[in-house]
Ligand code: CS2
C-alpha cells in the first residue's frame, strides 16, 4: 500500500480534509521542540487552521530531542500526517501539512541550533513534558546537578536539553545581531512561561551575565494553557486508518474532538492569527491553567493510579464504574473546584460536567498506564498544591489523599495480583526503594515517600491530617484492594 505523501494525497477519500495552501513556498516561522503526538494534534492543528485560512510563513520545523521515530514516520510522507478526531458517535479526518520536516537533535545538535537561530524563525515552542524543564518542581529552580544540564553547560554548541538548545540558539542570535524569538512553552505546568524563563535565565547566567541580560531584555516567554486528550497512537490505529483512506500513514495521531488553547499575548516578532481559529489570546493565563491542571489533570492522575490498580486499562473503563464516577465528581466539586475561581464568563459547573463527558469517550483508548507516567513530576501541580490550599482553609482533602496513596501503591512496583508494574518515572528507583524499605507497613511507606522533598516540599510530611488520611487509605488498599475501598466510600 502507498504511503501518504504530497503525491498520493490526491487519492484520499473526499471527506478527508487536506491542506489548501501552498506548502512548497512556505517559510519556516516556528521551530517546535518535542514533536510528539500532542503537538501534532494541538498547536500544529491550530497553525494548520491559520494556514488554511490565511496562508503565511508559519511552517513548522519539528525537532525530536531523543528518538528518530517521528522523523522516520514523517520524512517519507513529506511531513504530512492524519489527525483523527474520535468521538463516541463518529470520527473526522484531516491531513495536516504545517509540519515541513523533522530534525533529530542527538544526530546533529548543531544543525538544530542553527535552524533555531535562522532569521526566519520567530517562535520556538516546546512540548517536552514536565521533566524536560530540568527543574526542581517544588522550587522551580534549574537543577544544576542534572547530568544533562552539566553536559550542556560544558558543551553549549552541542546541547541535549531543551533549555540548552534555547540558550545556544539565543546566544547565536545575539552574536549575529538578530532579533530574538518568542519561547512558547506548551507543557502542562502552572505558569509554564515563567518556569521556562527562569530555567533559561539561570542556565544563561552560568555562561555569561551579558547573555542573560540580552535574553531578559529581548525574549518573551508567554504562558499558555493547552488542552486536548491525545492517547498514544497504536498499531491498530494505523491499520484502521489505512483501511479507511487506502494509504499507509505511520504518523497518524488520534485525539478527542475537544480542544482549547489559551495564550498570553506577548510575542517579540509576531505570531500566526491563532485567535481567528479558536485560540483565546488573553493578558493572563494563570487561572485557566490552574483550573485545567487541578480539575482535568488532577482527576486524570487520580483515575490513572486508582483505576490501574483496580484492573482498568482505559480511562473510559474507569468512568464506567459508578463508584469512580462519583469519586471524581466529588473530587472536582469539593476538593479541586474549591481552590479555583472562574474567570469572567466561565461556567465552572458546566466545565466539570464536560470533563466527565470527555473522560467517558469510549472511542478514545486512553491508557491509565500512559497517564500514570512521571507522577513525581505531575503530582505537585495537579494535586499537592490543591491539598495545601485546602488544608489552609480547612477544606476537604480525602480524595487527594486517596490519589496520593494510590500513587504510592502504584510506584511500589507490584500490583494487587502480585504482577510487576512498569513504572516510568525519573524517580522510579528511589520511589521503589522507599516502598521496599517498609513493606507491608503503610505508615512507614507514607512517611518515607513524603520525605522526598522534590515532590512534597518540606511541609506536607508535617501536615498531620494529610499524613494520616493518606496512611489510612494505603492501609485499606492493602487490606481490601483499591476497587473495594473506592466502592465502600463512593457507593
Ligand atoms: C494527561 C494529559 O498524560 C497525562 O498526564 O493527564 O496528557 C492530558 O491528557 C492532557 O493534559 C489533556 O489536555
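The values are calculated or read from the model by the stated rules, or taken from the named source; none is laboratory data. Keep in mind that what you see is a predicted model, and the values were worked out from it rather than measured. Virtual Cβ from ideal backbone geometry, glycine too; neighbours counted across all protein chains shown.
So which residues in segment 117-140 are touching a strand residue (DSSP E or B) at 6+ places or on another chain (Cβ under 7 Å) and at pLDDT below 95, if there are any at all? 135, the sole residue that qualifies.
In segment 348-364, the count of residues that are out of contact with any strand residue (DSSP E or B) (no Cβ under 7 Å at 6 or more places or on another chain), away from the ligand (no atom under 15 Å from the Cβ) and outside any helix (DSSP H, G or I) is one or more. Kindly indicate whether residue 377 is under 24 Å from residue 286 (Cβ atoms), surrounded by fewer than 23 Cβ atoms within 10 Å (Cβ to Cβ) and assigned by TED's automatic domain parsing to the domain that holds residue 451. No; evaluated as a whole, the condition is false for this residue. Counting the residues of segment 196-218 that are in contact (Cβ under 8 Å) with a residue 12 or more places away in the chain and surrounded by fewer than 22 Cβ atoms within 10 Å (Cβ to Cβ) gives 10. The residues in segment 365-380 that are near the ligand (Cβ under 10 Å from one of its atoms) and over 12 Å from residue 313 (Cα atoms) can be counted, and the count is 5.
Selection of segment 219-245 for residues being more than 21 Å from residue 257 (Cα to Cα) and within 16 Å of the ligand (Cβ to nearest atom) yields only 223. Scanning segment 82-101 turns up no residue that is in a helix (DSSP H, G or I) and surrounded by 22 or more Cβ atoms within 10 Å (Cβ to Cβ). For residue 275, the conditions (1) free of Cβ contacts under 8 Å to residues at least 24 places away in the same chain; (2) in the same structural domain as residue 376 (by TED's automatic domain parsing); (3) in contact with a strand residue (DSSP E or B) (Cβ under 9 Å, 6 or more places away or on another chain) are fulfilled apart from (2). When 420, 433, 387, 403 are screened for being crowded, with 16+ Cβ neighbours inside 10 Å, at pLDDT 95 or above and more than 16 Å from the ligand (Cβ to nearest atom), only 387 passes. In the condition set (1) farther than 30 Å from residue 122 by Cα; (2) surrounded by 16 or more Cβ atoms within 10 Å (Cβ to Cβ), residue 10 is compliant with all but (2). One residue stands out in segment 32-73 among those that are closer than 18 Å to residue 229 by Cβ and in a loop (DSSP other than H, G, I, E, B): the one that is nearest to the ligand (Cβ to nearest atom), namely 42.
Selection over segment 394-415 of residues that are in contact (Cβ under 8 Å) with a residue 40 or more places away in the chain and under 21 Å from residue 427 (Cα atoms) gives a count of 12.
If the condition is being part of a loop (DSSP other than H, G, I, E, B) and farther than 17 Å from residue 193 by Cβ, then segment 238-269 contributes 246, 247, 249, 250, 251, 252, 256, 257, 258, 259. The residue list 216, 202 contains one member that is within 25 Å of the chain's Cα centre (by Cα), assigned by TED's automatic domain parsing to the domain that holds residue 40 and either more than 16 Å from the ligand (Cβ to nearest atom) or under 17 Å from residue 179 (Cα atoms) (or both), which is 202. On the stretch given as segment 17-38, residues that are within 16 Å of residue 78 (Cβ to Cβ) and in contact (Cβ under 8 Å) with a residue 40 or more places away in the chain total 7. Being within 15 Å of the ligand (Cβ to nearest atom), crowded, with 20+ Cβ neighbours inside 10 Å and outside the structural domain of residue 407 (by TED's automatic domain parsing) is a property that residue 255 has. The residue list 329, 333, 306, 323 contains one member that is assigned by TED's automatic domain parsing to the domain that holds residue 406, assigned to a helix (DSSP H, G or I) and within 16 Å of the ligand (Cβ to nearest atom), which is 306. Residue count for segment 146-166 satisfying the condition of being crowded, with 23+ Cβ neighbours inside 10 Å and part of a helix (DSSP H, G or I): 7.
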